[in-house]
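Below you'll find the structure, written out as structure tokens, and then a few comments.
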Amino acid sequence: MVSIIEIYAVIYNKNELDFIFKPLITSTLVALYLVSVTKPNFWYVSALFFSFWGDVLLLFPEDFFVLGLLSFLITHVIYIKIISGFIKKIKLGTKMFSFLAFLIYFSAIIFLIQNNLKELFFPVIMYGIVISLFGTTALLNYINNKTTESLWLFIGALIFILSDTILALHKFYSPQPIFLNSIMITYIVAQFYICKGMISKGNLEV
């Protein structure tokens, strides 16, 4: 219900609803996670905490875009920490090839938007590298552990990257109304799949 109302608010420019329900996305996921696992993962709850503040700060993109970016950067660093803990030994070549795939994708996006980044060039570069590492870690985890929960985490990471790609194109390349809708929908789906994967992983470890 929270997601549906938030998507409605974005599509129909209901700012008052957006201010209420956007922060409730991660709050609801925290509640769902905590009632679904016996032993909550502190780091995952922390990641949702920083996602919450990222959502709040990006309600004011003209004033707090960099701080919002920083909040989500910390979120991705925590996701990397969590997922890397699930990975056992894996060949260096596999690691390099996996990262290269995301790096090529990231480089293509930067090539498109570089002329409009200006003073945000280095923050966006840093953010892009971190989220590429997030995608790489999720892929390596799935290669290492071909389980349903690993697949959910990988899908969540991919959709998160897609969401941020659309955001970058909207802000720095070609603003489109449909992009705003797509950003929110993909963001919600990404966070849900990551939550679903963490719930399954948590219950397996009990």
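Derivation of every value follows stated rules applied to the coordinates shown; laboratory data play no part. These numbers come from a predicted model, not from an experiment. When we count neighbours, we look across all protein chains shown, and the Cβ atoms used for this are built from the backbone with ideal geometry, even at glycine.
So which residues in the stretch 141-154 are among the aliphatic types (A, V, I, L, M) and either buried (at least 22 other Cβ atoms within 10 Å of the Cβ) or not in a helix (DSSP H, G or I) (or both), if there are any at all?
153
Under the condition of being of a type in the set (A, V, I, L, M) and without any contact (Cβ under 8 Å) to a residue 40 or more places away in the chain, which residue from the stretch 156-182 is farthest from residue 18 (Cα to Cα)?
If we take residues in the stretch 156-182 being of a type in the set (A, V, I, L, M) and without any contact (Cβ under 8 Å) to a residue 40 or more places away in the chain, then 158 is farthest from residue 18 (Cα to Cα).
How many of the residues in the stretch 16-47 are within 18 Å of residue 185 (Cα to Cα), free of Cβ contacts under 8 Å to residues at least 40 places away in the same chain and among the aliphatic types (A, V, I, L, M)?
Adding up the residues that qualify gives 3.
What's the number of the only condition in (1) among the aliphatic types (A, V, I, L, M); (2) farther than 21 Å from residue 197 by Cα; (3) surrounded by 15 or more Cβ atoms within 10 Å (Cβ to Cβ) that residue 74 fails to meet?
It is condition (2) that residue 74 fails.
Just one of 168, 157, 101 is in a helix (DSSP H, G or I), touching a Gly at 6+ places or on another chain (Cβ under 9 Å) and surrounded by fewer than 18 Cβ atoms within 10 Å (Cβ to Cβ); which is it? Lay out the reasoning, then the answer.
Working: 168 fails: surrounded by fewer than 18 Cβ atoms within 10 Å (Cβ to Cβ); 157 fails: surrounded by fewer than 18 Cβ atoms within 10 Å (Cβ to Cβ).
When all the criteria are applied, what remains is 101.
For the stretch 6-45, which positions are under 23 Å from residue 199 (Cβ atoms) and outside any helix (DSSP H, G or I)? Walk me through it before giving the result.
The first filter runs over the stretch 6-45 and keeps only residues under 23 Å from residue 199 (Cβ atoms), leaving 6-7, 21-45.
Of everything in the stretch 6-45, those that are under 23 Å from residue 199 (Cβ atoms) and outside any helix (DSSP H, G or I) turn out to be 37, 38, 39, 40, 41.
Take the stretch 104-128 and flag every residue that is exposed (fewer than 14 other Cβ atoms within 10 Å of the Cβ) and under 19 Å from residue 140 (Cβ atoms).
If the condition is that a residue be exposed (fewer than 14 other Cβ atoms within 10 Å of the Cβ) and under 19 Å from residue 140 (Cβ atoms), then 104 is the only one that fits.
Take residue 87 and decide whether it is in a helix (DSSP H, G or I) and either surrounded by 15 or more Cβ atoms within 10 Å (Cβ to Cβ) or of a type in the set (Asp, Glu) (or both). Walk me through it before giving the result.
Details: in a helix (DSSP H, G or I): no; either surrounded by 15 or more Cβ atoms within 10 Å (Cβ to Cβ) or of a type in the set (Asp, Glu) (or both): yes.
No, not satisfied.
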